[in-house]
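Chemist: Okay, here's the structure, questions in a sec.
The values are calculated or read from the model by the stated rules, or taken from the named source; none is laboratory data. Since the structure is predicted, the reported quantities are computational estimates derived from the model, not experimental observations. Don't worry about glycine lacking a Cβ; one is built from the backbone with ideal geometry, like all the others, and counts go over all protein chains shown.
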Amino acid sequence: MTDQNMNSDKSQRSSFKIIEANLAKRYAKEKRFKALGLISIGFGIAFLLLLFSTIISNGYTAFQQSEIQLEIFYDADELEITNVNNEDEMLEADFTGLARDALAKLFPEVSGRKQKRARNQLISSGVDIQLRNLLEEDPSLLGKTKTVWVLADDDIDAYMKGHINRELPEDDRRIKDFQLVWIDTLEAAGNLKLKFNTVFFTHGDSREPELAGIWGAVKGSFYTLMVTLLLSFPIGVAAAVYLEEFAKQNRWTDLIEVNINNLAAVPSIIFGLLGLAVLLGFFGLPRSTPLVGGMVLTLMTLPTIIISARAALKSVPPSIREAAIGMGASPMQVVTHHVLPLAMPGMLTGTIIGMAQALGETAPLLMIGMAAFIVDAPQGIVDPSTVLPMQIFQWSDSPERGFVERTSAAIIVLLCFLVFMNSLAVLLRKKFERRW
Amino acid sequence: MNTLTNTGNSVEQQEIYTTVGTPTVENPKMSIRDMNVFYADKQAIQNISLDVGSNEVISMIGPSGCGKSTFLRTLNRMNDTIDICRVEGTIKLDGQDIYDTNLDVVALRARVGMVFQKPNPFPKSIYDNVAYGPRIHGLVSNKAELDEIVETSLRKASLWDEVKDRLDAPGTGMSGGQQQRLCIARAIAVSPEVILMDEPCSALDPIATAKIEELIDELRENFTIAIVTHSMQQAARVSQRTAYFHLGKLIEVGKTSDVFTNPTHQLTEDYITGRFG
């Protein structure tokens, strides 16, 4: 008896020693693991910061635009306008000439064709539209002088933002010495300033950087996403509810499930090819439109939505279903009264994440012609349009300095939309989440 | 399913077991004859015949996996939701076969209510929980009637005094015992004839359990109750008749006092004296 006790005492003590010796090792392992985790998070954050800092440092200048103050004299004789309401007269009138006259008054000493042309190029070629719009808004301007801030040319703008180094030899820069003199004069008189760039938010695409904006792309993205949402949410939720709540578990449902999971991993350009062949080729829907773009993106986001909706349905506790069935609710009532309301936050989250994915998608839209150069903002889902990521892609292809910064600025806008949508997903989940 | 058993032999190979005691009663509320239940090819219930008398509490006891929960769930066709489950035999409620194709399962469940092991109130207000049944079955035509049903149901479940001031509070925010009484109130709100209770107290503390047991005794006046329990003391306290299940068979059934004081079958005696289970 005592022998046994001593034995067990001994073995207890020795096993305690082993455990103690191992403890240090275990803790060291834990520390190493924690350190690895911290390092990887650090990497992630570092890359994110790098991304944001490059984009923001490249893009923030695009939110400003150089403008030149001119004294515009709306000369009815030069414009050959008798009636402001006459559209033909307004369209044929030479508004650019007004701006050039104003410039000539500022720099009367300029002589020679080359220099005169350079002087005229100080201002954007879109000045005529700006001046015409002003006159349309206020017909009483005819025959009067008005001080107007007009857009400066993109080269002037680039110089103002410090993208052109005046220390370089004259042949190596886009702004010549005599232009620099004008710029200095204008700046000294307060007639050349960086102002907030409203054009960027209100205009469609343009070949001139100072006239290019994202409004057309934003509208196109909006219509496209609306089509995607209206199609993919009901279809996705209905498919998920059927598969999860009503379908019998058999080989067919297994097959469907495997295929849905596979579809989620299909490269998105394949969906674009499908859209091109079926929607445009076979059904003859109008190309480059948000309608077709939305349908293609629906195909792309459906798997995401179905998978997340099914996960949300699965997370509804079976006891709630049992309770409802036990009360005599029909299968449809069980779903609509209990399961769907409880699964809705999860479904919404999945849908918004799918939408965010669709918002950033470019490849499939390339195939259905949404990469076209479209100046006007679309007025509906059957107007040709482009979308934000496509606009970014197109601008990134342009060599002008003004488009480089606008590319980054458009990326900033796109990222803002994405952050907004993802926070909305989090908010919705928080708001509608119910505990049971 | 927790009710799966290992007795996966086909019926032919098994001798038909005859239940000890008297499974029948006069004027039964429900009568079950030659019931066999299969999960795919596993047999969970073997040839059970049993009557449930009107206004009586019958308790089903037995070790885990003996088929008592499965048996209970076939009585209001809850097993319909399990694809692989198959039920043979006849189960009659007031002489009407409940597995008859003409009988609507939704109507059946309004007549045979159920209370589950884990309290499972809907994540809605207390009021809406109780009002749910009357609403979906269209039992009421106006708010006043509904209010009355909710109040009487909560009173019958002896919960009214505790919750009358917070009917809008979520049902899930109450204590476990209150939640289970809410589930009972929800079940009786549609005035069922039979209430099935599947281990209603297994998740509750002794005080809450005592309240539910008291409640069961009161409910017997108006309802027929079939209760599955793991606690033999509970069976002895609340029921008039007790059925002992073992491996999918109904071993013995009789008056509760007889079964507990003077069990006939060896297995029953072993179980209630605590030799296994």
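Chemist: Condition (residue is under 17 Å from A:VAL127 (Cβ atoms) and over 29 Å from the mean Cα position of the chain (by Cα)) applied to the range A:204-227: is it met by at least one residue? Working first, answer last.
Modeler: Residues of the range A:204-227 that are under 17 Å from A:VAL127 (Cβ atoms), as a first pass: A:206-213.
Those still in the list that are over 29 Å from the mean Cα position of the chain (by Cα) too: none.
No, the range A:204-227 has no match at all.
Chemist: Find all pairs meeting these conditions: Cβ atoms under 6 angstrom apart; at least six residues apart or on different chains; first residue within the range A:184-199 and farther than 30 Å from A:VAL375 by Cβ; second residue crowded, with 16+ Cβ neighbours inside 10 Å.
Modeler: Nothing qualifies.
Chemist: Moving on. Given the structure, is B:TYR39 at pLDDT 85 or above, surrounded by fewer than 22 Cβ atoms within 10 Å (Cβ to Cβ) and more than 19 Å from the chain's Cα centre (by Cα)?
Modeler: yes
Chemist: Mind counting the residues in the range A:125-138 that are outside any helix (DSSP H, G or I) and in contact with a helix residue (DSSP H, G or I) (Cβ under 9 Å, 6 or more places away or on another chain)?
Modeler: So the answer is 2.
Chemist: Examine the range B:239-254 for a residue that is surrounded by fewer than 23 Cβ atoms within 10 Å (Cβ to Cβ) and assigned to a helix (DSSP H, G or I), and state whether such a residue exists.
Modeler: No.
Chemist: Name the residue, out of B:VAL105, B:VAL150, B:VAL140, that is farther than 15 Å from B:ILE184 by Cβ and over 20 Å from the mean Cα position of the chain (by Cα). Steps first, please.
Modeler: On the way: B:VAL105 fails: over 20 Å from the mean Cα position of the chain (by Cα); B:VAL150 fails: farther than 15 Å from B:ILE184 by Cβ.
Step by step, each of B:VAL105, B:VAL150, B:VAL140 is checked, and only B:VAL140 is farther than 15 Å from B:ILE184 by Cβ and over 20 Å from the mean Cα position of the chain (by Cα).
Chemist: Further question: Within the range A:110-124, which residues are more than 24 Å from A:ASP77 (Cβ to Cβ) and either hydroxyl-bearing (Ser, Thr, Tyr) or in a helix (DSSP H, G or I) (or both)?
Modeler: A:SER111, A:ARG113, A:LYS114, A:GLN115, A:ARG117, A:ALA118, A:SER124, listed by residue number.
Chemist: So B:THR90 passes all but one of these: (1) away from every other protein chain (no Cβ under 12 Å); (2) assigned to a strand (DSSP E or B); (3) surrounded by 18 or more Cβ atoms within 10 Å (Cβ to Cβ). Which condition number does it fail?
Modeler: Going through (1) away from every other protein chain (no Cβ under 12 Å); (2) assigned to a strand (DSSP E or B); (3) surrounded by 18 or more Cβ atoms within 10 Å (Cβ to Cβ) one by one, B:THR90 breaks only (3).
Chemist: A further question follows. Which ones in the range B:93-120 are of a type outside the set (A, V, I, L, M, F, W, C) and within 14 Å of chain A (Cβ to nearest Cβ)?
Modeler: Answer for the range B:93-120, where residues must be of a type outside the set (A, V, I, L, M, F, W, C) and within 14 Å of chain A (Cβ to nearest Cβ): B:ASP104, B:ARG109, B:ARG111, B:GLY113, B:GLN117, B:LYS118, B:PRO119, B:ASN120.
Chemist: Here is a follow-up. Which is farther than 23 Å from A:ALA102 by Cβ and polar (S, T, N, Q), of A:ASN165, A:ASN133? Steps first, answer last, please.
Modeler: Values: A:ASN133 fails: farther than 23 Å from A:ALA102 by Cβ.
Unique residue meeting the criteria: A:ASN165.
Chemist: Is there a residue in the range A:38-49 that is at pLDDT below 90 and of a type in the set (A, V, I, L, M, F, W, C)?
Modeler: No, the range A:38-49 contains no residue that is at pLDDT below 90 and of a type in the set (A, V, I, L, M, F, W, C).
Chemist: Could you check, for the range B:123-144, whether at least one of its residues is more than 9 Å from chain A (Cβ to nearest Cβ) and in a strand (DSSP E or B)?
Modeler: So far as the range B:123-144 goes, yes, one or more of its residues are more than 9 Å from chain A (Cβ to nearest Cβ) and in a strand (DSSP E or B).
Chemist: Given the options A:PHE107, A:PHE178, name the one that is touching a residue at least 12 places away in the same chain (Cβ under 8 Å), within 26 Å of A:ALA76 (Cβ to Cβ) and among the aromatic types (Phe, Trp, Tyr). Quick ask: steps written out before the conclusion?
Modeler: On the way: A:PHE178 fails: within 26 Å of A:ALA76 (Cβ to Cβ).
Result: A:PHE107 is the single residue among A:PHE107, A:PHE178 that is touching a residue at least 12 places away in the same chain (Cβ under 8 Å), within 26 Å of A:ALA76 (Cβ to Cβ) and among the aromatic types (Phe, Trp, Tyr).
Chemist: Also, I was wondering about something else. Among residues belonging to the range A:300-353 that are more than 10 Å from every other protein chain (Cβ to nearest Cβ) and polar (S, T, N, Q), point out the one that is surrounded by the fewest Cβ atoms within 10 Å (Cβ to Cβ).
Modeler: For the range A:300-353, the residue satisfying everything is A:SER315.
Chemist: Tell me which of these A:GLU257 doesn't satisfy, since it passes every other one: (1) charged (D, E, K, R); (2) under 21 Å from A:ALA363 (Cβ atoms); (3) free of Cβ contacts under 8 Å to residues at least 24 places away in the same chain.
Modeler: (2)
Chemist: Go over the candidates B:VAL130, B:VAL150 one by one and state the one that is touching a Ser or Thr at 6+ places or on another chain (Cβ under 9 Å), of a type in the set (Val, Ile, Thr) and crowded, with 23+ Cβ neighbours inside 10 Å.
Modeler: Values: B:VAL150 fails: touching a Ser or Thr at 6+ places or on another chain (Cβ under 9 Å).
Being touching a Ser or Thr at 6+ places or on another chain (Cβ under 9 Å), of a type in the set (Val, Ile, Thr) and crowded, with 23+ Cβ neighbours inside 10 Å holds for just one of B:VAL130, B:VAL150, which is B:VAL130.
Chemist: (1) assigned by TED's automatic domain parsing to the domain that holds A:LYS161; (2) part of a helix (DSSP H, G or I); (3) modelled with pLDDT of 90 or more: which one isn't true of A:LYS105, the others all being true?
Modeler: (3)
Chemist: Related question: I'm told B:ASN27 meets every condition in (1) surrounded by fewer than 16 Cβ atoms within 10 Å (Cβ to Cβ); (2) within 19 Å of the chain's Cα centre (by Cα) except one. Can you identify the failing condition by its number?
Modeler: The number of the failed condition is (2).
Chemist: Out of A:ALA62, A:ALA46, which single residue is touching a residue at least 12 places away in the same chain (Cβ under 8 Å), of a type outside the set (Ser, Thr, Tyr) and assigned to a helix (DSSP H, G or I)?
Modeler: Details: A:ALA46 fails: touching a residue at least 12 places away in the same chain (Cβ under 8 Å).
On inspection, the qualifying residue turns out to be A:ALA62.
Chemist: Could you count how many residues in the range B:193-203 are surrounded by 19 or more Cβ atoms within 10 Å (Cβ to Cβ) and either free of Cβ contacts under 8 Å to residues at least 60 places away in the same chain or part of a loop (DSSP other than H, G, I, E, B) (or both)?
Modeler: Residues in the range B:193-203 being surrounded by 19 or more Cβ atoms within 10 Å (Cβ to Cβ) and either free of Cβ contacts under 8 Å to residues at least 60 places away in the same chain or part of a loop (DSSP other than H, G, I, E, B) (or both): 3 in total.
Chemist: Are any of the residues in the range A:146-157 more than 29 Å from the chain's Cα centre (by Cα), within 18 Å of A:GLY402 (Cα to Cα) and assigned to a strand (DSSP E or B)?
Modeler: no
Chemist: Hey, another quick one. Kindly evaluate A:LEU168 against the criterion of being surrounded by fewer than 18 Cβ atoms within 10 Å (Cβ to Cβ) and assigned by TED's automatic domain parsing to the domain that holds A:THR82.
Modeler: yes
Chemist: Would you mind finding the one in A:ALA409, A:ALA371, A:ALA358 that is away from every other protein chain (no Cβ under 14 Å) and within 24 Å of A:ARG429 (Cα to Cα)? Can you show your working first?
Modeler: Values: A:ALA409 fails: within 24 Å of A:ARG429 (Cα to Cα); A:ALA371 fails: within 24 Å of A:ARG429 (Cα to Cα).
A:ALA358 is the lone residue from the list that is away from every other protein chain (no Cβ under 14 Å) and within 24 Å of A:ARG429 (Cα to Cα).
Chemist: Exactly one of these conditions fails for B:ASP80: (1) within 11 Å of another protein chain (Cβ to nearest Cβ); (2) free of Cβ contacts under 8 Å to residues at least 12 places away in the same chain; (3) among the charged types (D, E, K, R). Give me its number.
Modeler: Evaluating B:ASP80 over (1) within 11 Å of another protein chain (Cβ to nearest Cβ); (2) free of Cβ contacts under 8 Å to residues at least 12 places away in the same chain; (3) among the charged types (D, E, K, R) leaves (2) as the failure.
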